[in-house]
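Submitted below is the structure of interest, expressed as structure tokens.
The values are calculated or read from the model by the stated rules, or taken from the named source; none is laboratory data. Not measured: the values here are computed from a predicted model. Every residue, glycine among them, receives a Cβ derived from its backbone with ideal geometry; neighbour counts consider all protein chains shown. Just so you know, the surface numbers come from the protein's heavy atoms only, side chains and all, with ligands and any DNA or RNA stripped out. Shrake-Rupley method; radii C 1.70, N 1.55, O 1.52, S 1.80 Å.
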Amino acid sequence: MKVRKLTAIAIAAALGVTAVLSGCGSTSSSSASSTGSSSASSSSDSSTASGEEITFYGVIDPQVSAQQIIADKKGYFAEEGLNIKCEYLQSGTEVSPLIAGGTAKVSCETTYTDIPLAASGVGVKALAPVCNIGDTQCVVAGPKSGIKTPKDMEGKKIGMATGSGVLMAIKAMCEEYDVDFDSLEFVNLQPADQISAIESGDIDVMACWQPWVGKAEAAGGKILFSGMHNYFEEETKDVNWLNFYSTVQVTDDFLASNPEDCKKILKAMAKATDYINENTEDAAKIIAEVIGQDEDEVLTIMKQNYYSMEYGEKFNNACTQMADFMLEQKSIDTVPELSTYTDSSVLKEAVPELVK
């Protein structure tokens, strides 16, 4: 059964985790550790009693591990009496099998990781959202496309990595403006290839995430819409086309054995969330140094994100919509019950005002 579980997760990853996770995995070329050169594969078991070392896995991405990095570097974990060692990996695809195998007992990733794990029977619980990254999932028109209105999208060629979550925003836009979705021609391209294709005119539109959106704009592209904003001419407004959350999650066995440590982790992450929202530029500088990315680029990305650990109906609805999308894309075989991969009870005890 374990082999079947891991196979299902690998299939889900191949279909779209790399594509969807909006930079969960950066342009940097190596993983980072806040405590030295130890690698994820050689880390010790993190299921320990309070006061002993806990390995906290994350991703080299300001959209996934921002609070984790700040809580570590500002000493918030230590203030809560935690001994945390942070391990930052290149991609969410690296975190998922570590959770399934029992190595990554505490981690930051996204609902796109939590859902297929739960669908495959892996015991994992998202204890809180940490960031809504839907605004960095964008559709960008090329300089030669001539697109000004939603209807102008019909019949156009869109470069997009197969399985990307931004497709949810595209479908929602088509429904709202009665755009013929079936007329769109999708070309399977990774973000770097989308840039060159949009410059040459081989595609009319690209659908991706930051930092590639900024690179597309630098190449003469124009953002048409994101998961949360519509920028079509004379139609600029907030929308609710894609709410996509990164989360802090723990394995079921870690939660059962270390409930107090889980509360302390959430308290430290909540402090980090406040710091990010009140000191965004300083936070970007700290994060950029840890993940090895350009400070201005990190700041630009962070300003497009919504850093909040508020757990409520909006988060639950986003999880359900993402699970339905993954089923439609055949990334999972069944939609898991929300309760199998989320648990607000720890956050309610740790920071009760965040549970709505």
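Taking springs between alpha-carbon atoms closer than 10 angstrom, which of Asn258, Asn230, Asn279 fluctuates most in the Gaussian network model of the chain?
Of the options given, Asn279 has the highest mean-square fluctuation.
Considering only the chain, what is the antiparallel percent among its DSSP beta bridges, to the nearest 5?
Details: 28 of 46 bridges.
The antiparallel fraction comes to roughly 60 percent.
As a test question: what accessible area, to the nearest 10 Å², does Glu52 have when a 1.4 Å probe is rolled over all protein chains in place?
100 Å²
Just want to confirm a number: the relative contact order over the chain, from Cα pairs under 8 angstrom separated by 6+ residues, in percent.
Normalised by residue count, the contact order of the chain is 25 percent.
Here is a further query. Heavy-atom accessible area of Asp282 with all protein chains present, probe 1.4 Å, nearest 10 Å²?
Using a 1.4 Å probe on the heavy atoms, I get roughly 80 Å².
Considering the chain as a Gaussian network with a 10 Å cut-off on Cα pairs, which listed residue, Glu199, Glu310, Glu175, attains the greatest mean-square fluctuation?
So, out of Glu199, Glu310, Glu175, the one fluctuating most is Glu175.
Defining a contact as two alpha carbons under 8 Å apart and six or more residues distant in sequence, what relative contact order in percent does the stretch 60-156 show?
Values: 47 pairs, mean separation 22.9, N = 97.
24 percent.
Here is a further query. Provide the FRET efficiency to the nearest 0.05 for the Glu295-Lys222 pair, computing r from the beta carbons and using R0 = 35 Å.
On the way: r = 26 Å, r/R0 = 0.73.
Taking R0 as 35 Å, the efficiency between Glu295 and Lys222 is 0.85.
At 1.4 Å probe size, with no ligands or nucleic acids counted, give the accessible surface of Ser331 in Å², nearest ten.
Accessible surface of Ser331 is approximately 10 Å².
P(r) for the stretch 196-239: what percent of alpha-carbon pairs falls in each 10 Å bin, starting at zero?
26, 52, 21, 0
Could you work out how far the C-alpha centroid of the stretch 287-356 sits from that of the stretch 147-216, in angstrom?
If you average the Cα positions of each part, the centres end up 24 Å apart.
For the residue pair Lys330 and Asn240, what label-to-label distance in nm results when each label sits 7 Å from Cα along the Cα-to-beta-carbon direction?
Spacing of the two 7 Å Cα→Cβ label points: 3.2 nm.
Right, another one. Report the label-to-label distance for Glu337 and Glu53 in nanometres (one decimal), using points 7 Å from each Cα along the Cα→Cβ vector.
3.8 nm
Can you list the HN-Hα couplings for the stretch 206-211, worked out from phi with the Karplus curve (6.51, -1.76, 1.60; θ = phi - 60°), rounded to whole Hz and with x for Gly and Pro?
Here the 3J(HN,Hα) series is 10, 10, 7, 8, 6, x Hz.
Tally Lys/Arg at +1 and Asp/Glu at -1 over every other residue whose Cβ is under 10 Å from the Cβ of Leu354; what's the total? All intermediate terms of the calculation are to be shown ahead of the outcome.
Numbers: positive: Lys348, Lys356; negative: Glu310, Glu353.
That sum, taken over residues with Cβ under 10 Å, equals 0.
Restricting things to Cα coordinates, could you compute the convex hull volume per residue of the stretch 203-277 in Å³?
Enclosed volume per residue, from the Cα hull, is 155 Å³.
Additional query: Using the Cβ atoms and a cut-off under 12 Å, what net charge is assigned to the surroundings of Ala197, where Lys and Arg are +1 and Asp and Glu are -1? Present the calculation step by step, with values, prior to reporting the outcome.
Details: positive: Lys144, Lys157; negative: Asp193, Glu199, Asp202, Asp204.
Summing Lys and Arg as +1 and Asp and Glu as -1 gives -2.
With each label point set 7 Å from Cα along the Cα-Cβ vector, what nm distance links Lys356 and Ser200?
Going by the 7 Å Cα→Cβ label model, 4.6 nm.
Considering only the other residues whose Cβ falls under 15 Å of the Cβ of Gln90, what net charge follows from Lys and Arg at +1 and Asp and Glu at -1? Write out the running numbers ahead of the final one.
Values: positive: none; negative: Asp61, Glu87, Glu94, Glu109.
Residues close to Gln90 contribute a combined charge of -4.
Translational D (Stokes-Einstein, µm²/s) of the chain at 37 °C and 0.692 mPa s when Rh comes from the Kirkwood sum over C-alpha pairs? Working shown, then result.
Values: Rh = 20.3 Å.
In µm²/s, the coefficient rounds to 161.
Here's a follow-up. Is the C-alpha gyration tensor of the stretch 244-336 telling us rounded, prolate or oblate? Criteria: a/c under 1.5 is rounded; beyond that, a/b larger than b/c is prolate, otherwise oblate. List each step's numbers first, then the result.
Details: a/c = 2.10, a/b = 1.34, b/c = 1.57.
Oblate.
Would you work out the Kirkwood radius for the stretch 299-344? I mean one over the mean of 1/r across all pairs of different Cα atoms, in Å. All intermediate terms of the calculation are to be shown ahead of the outcome.
Values: mean 1/r = 0.0807 Å⁻¹.
Value: 12.4 Å, from the Cα pair sum.
Also: With respect to the cross-link table entries Lys148/Lys303; Lys148/Lys215; Lys144/Lys314; Lys267/Lys303, which display a Cα-Cα separation exceeding 30 Å? Walk me through the numbers on the way to the answer.
On the way: Lys148/Lys303 26 Å; Lys148/Lys215 20 Å; Lys144/Lys314 37 Å; Lys267/Lys303 23 Å.
As for pairs spanning more than 30 Å Cα to Cα, those are Lys144/Lys314.
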